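Values quoted throughout were computed directly from the atomic coordinates according to the rules given, and no laboratory measurement underlies them. Everything numeric here is computed off the predicted structure, so don't read it as measured data. Neighbour counts run over all protein chains shown; Cβ positions are idealised from the backbone, glycine included.
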Amino acid sequence: MRKQLALSTIVLLSSTVSAQAQEFALGCGGTPLLFPKQTLSTNIENLDITADYSEVSNGNYLLRGNAAVNSAEYYLSADEINLQKASKISSASGHVKFQDKRIMLTGNKAVMKKQGDKKYTVFEQAKYHYPESKVNGQAQKIVNDGTKQTFDSVTYSLCPVGNTDWVMKANKVTLDQKTNLGVAENVTVEFMGVPIFYSPYHEWVLKGRSSGFLAPSFASYNESDVNKNKGYQIRIPYYFNIAPNRDFLLTLNQASTRGRVIEGKYRQLVSVLNRGRIEIEGHYLDKDKISKEKRWLIDAELDLSLNTNTELNIVSNRVSDKDYFKEIAHSGTSKDLLQSSVNLSYENKKTNINTSIFAENEQLVNNGKAEYTRAPKIFINKKVIGLGNREVNFSILSTKFKHQDASKETGTRTHAQAEFTRDITTNAYSLQPRFNISKTKYSMDSVPNQNRSIYSFGVDSKLFFERDINLFGKSVTQTLTPRLAYNYTQGKDQSALQKFDSEAINFSYENLFSGKKFTGIDRIGKTNDIALGLESDFIDNDTGATYLSLKIAQLRYLSDTKLDEAGNLVAQEKDYSNIAATADLTLDKFTFNNELEYDSDSKEVAKHHSALSYILSPRKFISLTHSDDGEQRTVGVYGAYPVTQKVHLFTGINRSLTNSITNRKTAGIAYESCCYAIRIARFKQHLNDGSYDTVTKFELVLKGLASSDSSLAERLKEEIPNYLANLDK
């Protein structure tokens, strides 16, 4: 009975599909019970009976005055208990208390009857409590005939027994296992004695998903700098359970300054090889109160397995205009453009052949700048595996590049290469030699075609050492890994080649050993370098956790020329690269992460990213970040602090020191009790057109039942790293 009751009341409001009431866990220990918990008898065959007065007649027992029956399955006490052996009927009256392994009940009268495998029970003026799940409430009558349960004038809550901060009420609830249906009449949800939800009739399936209203959400927002009005938003969603593999979420989004936005989201699992998904989301505003125009959004995605080797992915993202996200959605997106794409891929693991066809286009939003799009990109790869971990990869990549700006050069780039590698690894060392030869052809639309042939080779080697030491009073293993690599790529002038997708890479630790100087394949930098590095980890012998990880590396240039981003061979300014170093330290609640590039000539740090965190709990922590990528310097402060046991504050600020602009600012407050929580958060985001998107969101959580805005928690995770406070716990 517990299982169905918990399911029914949850579905009424939230349509959350869960048949396990015990999944709802509250963060309040020592919650009261209906009565002191009794220890059930260890005697499986007999009953333990006590009473001030007892009478036995023809195997029937009449117990009066502090009467109690204790068995291995249940405990029953009352002023009077009547046990009829022949009819297998037990009745109790006056201060009835019942307890089994799952539920506790009190009431004025109880009747229990067993017929075959079925048990028939009736409790009148009953209070019920599931100690494990914390579900509790009361009903005028609870009837269970073995297949159907009815509850008259029933209440339900996950607040501690005796606390009614929030409670769900229904005139009648019927749970029918034969038809797999639940029916509730005149359902009301009250918060602090005030009704906040009502439904005259609700029907749902007991097992599986069901349709129904989800909790509404509330928010306020500031309009753009063109219109300084302050707006309010209420979203009322309704969930349609169409079929086991299909559903639809319809939401009415009433924005006070803009109008009524109709939002819909359709999802379907496609039963092709049990792998496939369709998701379509659309928003529509017929007439914006300010702009007087239609506003809309369409996001669609298809993931489909055509067979065991072939996958199809289609993504379409479109909005009516570039300002939709900051004026209508207020979703905190920092996108500059929306990408739509089609990707068809084939992978045969037996033959080691991979192929794909990819095409994309873009829509600019928030004053974004256009980029080159691939329409299409065709990729073919064949891997040949030989003895001794020898591996050869043959690949060809052909890409048609387009651009919205007619002044940009466009054309098709075809790149073919063969790469030979081998992995030699022992407990003492590893050795990874490689050789690569490639040819690239540019078929341009308005400039002469160009070709490039180039080869490279290299070897990456490591030695493995370890020893046991004592660190911070703990027994740890220190690993020491010297690393040496040599990379050579012939130098060729590439200034005549169009640069579609290549940028200079940063001097990170791993990049120094890669032999690459640029992303993409439009620029293949000249290399004749030796990379020397050292890695060391300190690992707890008991837990396997890494306390401290250190890495440092530097390149020694053996050539006096290099390739710049324009494709010209120019003089190498110095003999050594910047030093790349990382340090990651974790000590109990304290973590420190640092990554930097150090210029040994100027004796200055050229680039770095640092993060320092002290985390006592998801509601009590502080994190500091500082970044300098050579162009922009930013700092971040993130934290949460409990003002009282029930109230905590949270905040996050990311600010550019270069141009004195606050990129993102989040602040809020949360109140938590044992059965409900309230959270208010204000977001302020700087947009690339110089304006700000400001929105305030409100969340009411009835613990174990529903949240008025579940999306708020997900956005806070993005805006405030380490803030993982789950108000439903």
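Compared with the direct C-alpha span, the chain from Ala406 to Asn389 gains 1.3 nm at full extension, assuming 0.36 nm per residue. When you restrict to C-alpha pairs under 8 Å that are six or more residues apart and normalise by the size of the chain, the relative contact order lands at 7 percent. The listed peptides 177-189, 157-169, ordered by packing as a protection proxy, come out as 157-169, 177-189 (highest mean of other Cβ atoms within 10 Å first).
Gain in length, Asp540 to Asn307, computed as 0.36 nm per residue apart minus the alpha-carbon separation, to one decimal in nm?
Numbers: separation 233, 0.36 × 233 = 83.88 nm, distance 4.61 nm.
Answer, rounded to one decimal: 79.3 nm.
Relative contact order of segment 586-678: 16 percent, from C-alpha pairs under 8 Å at least 6 residues apart in sequence.
Given the pairs Lys377/Lys400; Lys607/Lys684; Lys178/Lys207; Lys37/Lys646; Lys230/Lys697, which are separated by over 18 angstrom at their Cα positions?
Details: Lys377/Lys400 6 Å; Lys607/Lys684 28 Å; Lys178/Lys207 11 Å; Lys37/Lys646 29 Å; Lys230/Lys697 13 Å.
Long pairs (Cα-Cα over 18 Å): Lys607/Lys684; Lys37/Lys646.
Say R0 is 45 Å: what FRET efficiency, to the nearest 0.05, do Asn594 and Phe435 get from their beta-carbon distance? Walk me through the numbers on the way to the answer.
Values: r = 36 Å, r/R0 = 0.80.
Efficiency at R0 = 45 Å is approximately 0.80.
For Thr582, neighbours were defined as the other residues whose beta-carbon sits under 11 Å from its Cβ, and their charges (Lys and Arg +1, Asp and Glu -1) total -4. Would you calculate a helix-derived [θ] at 222 nm for the chain, using -39,500 (n - 2.57) for each DSSP H run of n ≥ 4 and dividing by the full residue count, to the nearest 500? Mean residue ellipticity at 222 nm (helix-derived): -1000 deg cm²/dmol.
The Rg/Rh ratio for the chain, using Cα coordinates for both the radius of gyration and the Kirkwood hydrodynamic radius, is 1.07.
Per-residue packing, averaged as other Cβ atoms within 10 Å, sorts the ranges 535-541, 413-419, 468-474 into the order 413-419, 535-541, 468-474, beginning with the highest.
The ranking of Arg102, Arg467 from fewest to most other beta carbons within 10 Å of each one's beta carbon is Arg467, Arg102. Sorting the segments 33-43, 523-533 by their residues' average number of neighbouring beta-carbon atoms within 10 angstrom, most packed first, yields 523-533, 33-43.
Spatial offset of segment 679-715 relative to segment 281-333 amounts to 20 Å, using the alpha carbon center of each.
Work out the charge dipole of the chain with +1 on the Cβ of Lys and Arg and -1 on the Cβ of Asp and Glu about the Cα centre, then indicate which of Asn393, Gly458, Asn309 is farthest towards its positive end. Going by the Cα projections, it comes out as Asn309. What residues of segment 558-590 lie in the reach of a label at Asn506, counting those whose backbone N is under 16 Å from a point 7 Å from the Cα along Cα→Cβ? From segment 558-590, the list is 578-584. Placing unit charges on the Cβ atoms only, positive for Lys and Arg and negative for Asp and Glu, gives the chain a dipole magnitude near 1440 debye about its Cα centre.
With a simple spin-label model that places each label point 7 Å from the Cα along the Cα-to-Cβ direction, the separation between Ala496 and Glu347 comes to 3.9 nm. Give me the base-10 log of I(q)/I(0) for segment 606-729 at each q in 0.12, 0.13, 0.14, 0.19 Å⁻¹, Debye formula, one uniform scatterer per Cα, rounded to two decimals. Calculated log10 I(q)/I(0) at the listed q: -0.49, -0.56, -0.64, -1.03.
For a 23 Å ceiling on Cα separation, which of these pairs sit above it: Lys148/Lys169; Lys382/Lys562; Lys119/Lys148? Each step should come with its number before you reach the end.
Numbers: Lys148/Lys169 20 Å; Lys382/Lys562 32 Å; Lys119/Lys148 11 Å.
Correct reply: Lys382/Lys562.
Taking a sphere under 13 Å around the Cβ of Asn594 and counting the other residues whose Cβ falls inside, with K and R at +1 and D and E at -1, yields a net charge of -2.
Over all other residues within a Cβ to Cβ distance under 14 Å of Glu391, the charged ones net out to +3, with Lys and Arg as +1 and Asp and Glu as -1.
Exposure proxy for Met104, Met192, Met444: other Cβ atoms within 10 Å of each Cβ, ordered fewest to most, give Met192, Met444, Met104. In the chain, the longest principal axis of the Cα atoms and the axis of helix 2-14 are about 60 degrees apart.
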